[in-house]
Every structure is written in C-alpha cells, then in structure tokens.
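Notes to accompany the following structure.
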C-alpha cells in the first residue's frame, strides 16, 4: 500500500494536545559552580551536555561528527561537521538579564547570501507558561555578531521570574568557547538534554540552515519545538551525497525516525548508484525504524529555466525508484514525501532566497509539510 501521507489536520490538533500532555519537558537539572567576575556569575556551557548532539567523542565540544570520522567521510563533510547547526544549550534562571561570552570557530561571520545572525548568531528562546503542561516556546533575543570573540548582553530588563531557556548555536559557524552570564546572586540551573530517542535529519544546505535569518528559524528547530522531540541536524551544505561511510555512522545511532533529504545534492544517476545501498545499510541495524525519503523541493525558477525543471523531474524519479525498491521488497516502514507542496502550494515566489535556498517563510512552510507527515509516522 502506498505511504504518500496526507493526514487530517483536524485530527492532528487533538493528537498534539495529547502528546504534549504526556511527554516530559526536561531531564533532571545539573548544578554547577560559576566563575565570578565584576558582579556576573559565568557558567561554562561545556560543563553540561548539549542537546541534539549525536556523538560525545568529538574533536570540538560543539562539533557534530565524532573525531574518528576525520579522514573517513569526505573532507567537506568533515569541515561542515565542525559547525554547530541544530545544537541547543538548555538552562533555567530567574535572572533579569543574560549575557554570553563566546569564541567562534571561524572569523567568517556572514556569507553574501546569509546574514551573520544566521551564520554565526546565538538565538535565545524562553518558555512562557500557559494553561498547557508544556507551555509555549517564544523567541527572546539573538546576538548580532560583530567579531569572532565577544562578551555581550543577550537580553536585559526582564521580569526576574524563573524561566526555562533554549540557546540555539550558530548554523554555519562553530563554537570553541561559550559561557552564559547572569547577575551574581541570580538562581541558575543547567538543564540536561531530553532523553527521548531523537529524529535524525540528514540533508543539504537547506537542512543546515541556508538561508534563514537566525538559528531558531531553521525548520528542524521548528520541528523540534512543535513535536517536542530532539532532532539531530546532520545537514551538510552541498555535501549530502549518501556515501556508505555516512550510512555506517548513522547506523550507529538509535533514532526514532531517519529522515533522508539528500537528493538536492545528488543528480539522478548518483541517487541510482547510492540510494538503495544507503537505506540497506540503515536497515541492517534498524530493520523496523521508520525511514522517510524526502524529494528535492521544486526550484522556484524552474518554470522559466527548462534545465532546472528537467533536473527536478529526473531527481524525483530516481528517488521514487529507491522507494519503490523497498516497497516491492515488503518494507512496511519506509515513507515518501513528494516535493509538490514542500514549501508552499506547488511553489511560489516568496519562499527562497535564490530559487533554491530557503528564506524564513520557506523554512516555516518546510516545517509545516514535514510536521504533517512525521506526526502519523511517530503515532503522535
């Protein structure tokens, strides 16, 4: 039976409320001893685990692949794995002001097509309590990077109530050092990552964050907040090509769902060469874990550039052949998401920066499409 999903939105709301009520927000707190300087208590973010990090044995604390992957995965993948895309530092404080002191991995703070707030920024969300057990995560502040190393007030003038916070790390830069500062005497608790099995999202520059304005607007970040699940962001700009070595690394993990969204970096012939084997590698260790294949979204200018339209068509047909292979083999846990409505009704003029990379609206619509499919897969 085909698994092209189009669930009832009315049912999704009821499922969302039930899931939120049942799921715990956080693991236990971890207590820390700060360094005091000029009336500020500084807490080193490397003293407690970061959320959405798949491996602990990394060369840099906030890197995304284990150190043993160097020289095994392609050089560009290794370089991009030093970026902290998708990672979150969680904490709880009653402080009226929050500072950050940080040193970034790269002095390149911005790109021609993406602002420094997205490439290198830190993005703060706070939990507003409401009638639900979960509350609502709301944006609070972001840094506007001026230099590779800085000490800045992230937010001030707040009502000093105890709140939970999530600090999203940079999308296209790494973090070599990070401290969170609050006024001396304020209460502060590190919050450990959630222990739920995560969603693993493997993708391209879009998944890494190209080109949203700040880290919290990345669609995997939106999904994590909406679904109340950790999401491992394994997006590698221009470098998601389903190498067997990447499949072997992913197979070490135990996610609740594999999302494979690599086809935008792969032409049809490469999908034909690698797609089936990549899924087989995951299936050898995870015979029953759901796998979602995501088609390449339609390029916004394909209506006027025939070669782009042809590239989109052949790319989608190749990925569908991978899906059909496993359906024919009797795989009951493989799913498929069409490109037709990934970032809007068929496609519109307002969702991309350059015809391919998503702006904030495109990220929002991508999150909508993925959420609609992932909820029933996970039985939410």
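The distance between label points at residue 106 and residue 256 comes to 3.2 nm (points 7 Å beyond Cα on the Cα→Cβ vector). Our compactness index for the range 178-269, the C-alpha radius of gyration over the empirical 2.2 N^0.38 Å, is 1.34. Across all Cα atoms of the range 69-149, the radius of gyration (one decimal) and Dmax (whole number) stand at 16.4, 51 Å. The label-point distance for residue 267 and residue 144, in a model that sets each label 7 Å from Cα toward Cβ, rounds to 4.4 nm.
Computed with the Debye formula from one identical point scatterer per Cα of the range 27-191, without solvent, the log10 of I(q)/I(0) at q = 0.15 Å⁻¹ comes to -0.83. How far is helix 268-285 tilted off the main Cα axis of the chain, in degrees rounded to 10, range 0 to 90? Rounded to the nearest ten degrees, it is 60. Counting other Cβ atoms within 10 Å as a rough exposure proxy, the listed residues 314, 143, 220 run 314, 143, 220 from fewest neighbours to most. Computed over the range 27-191, relative contact order equals 37 percent, with contacts defined as Cα pairs under 8 Å that lie 6+ residues apart. The angle between the Cα long axis of helix 360-378 and the longest principal axis of the Cα atoms of the chain comes to about 70 degrees, rounded to the nearest 10. Identify the residues of the range 213-255 with backbone N under 20 Å of a label point that sits 7 angstrom from the Cα of residue 70 along the Cα-to-Cβ direction, or state none. Output list for this probe position: 236-237, 245-246, 249-250. Label positions at residue 136 and residue 303, each projected 7 Å from the Cα along the C-beta direction, are separated by 3.4 nm.
So what is the relative contact order of the chain, in percent, for Cα pairs below 8 Å that sit 6 or more residues apart? So the answer I get is 19 percent. Counting other Cβ atoms within 10 Å as a rough exposure proxy, the listed residues 189, 325 run 325, 189 from fewest neighbours to most.
Averaging 1/r across all pairs of distinct Cα atoms in the range 103-189 and inverting the result yields a Kirkwood radius of 14.4 Å. With a cut-off of 11 Å on the backbone N, the residues of the range 149-191 near the modelled label site 7 Å out from residue 38 along Cα-Cβ are 151-153. The fewest-to-most ranking of 205, 67 by surrounding Cβ atoms within 10 Å reads 67, 205. Here the gap between residue 325 and residue 338, fully extended at 0.36 nm per residue and compared with their Cα-Cα distance, gives a gain of 3.0 nm. Each helix, a run of at least 4 DSSP H residues, gives -39500 (n - 2.57); summed and divided by the residues of the chain, these come to -8500 deg cm²/dmol at 222 nm.
When the scattering of the chain is computed by the Debye formula from its Cα atoms alone, each counted once and equally, what is log10 I(q)/I(0) at q = 0.13 Å⁻¹? The Debye formula, applied to the Cα set alone, gives -1.07.
Read the figures in this text as sums done on the coordinates, not as results from a lab. All figures in this text were calculated on a predicted structure; none of them were measured in a lab. Virtual Cβ from ideal backbone geometry, glycine too; neighbours counted across all protein chains shown.
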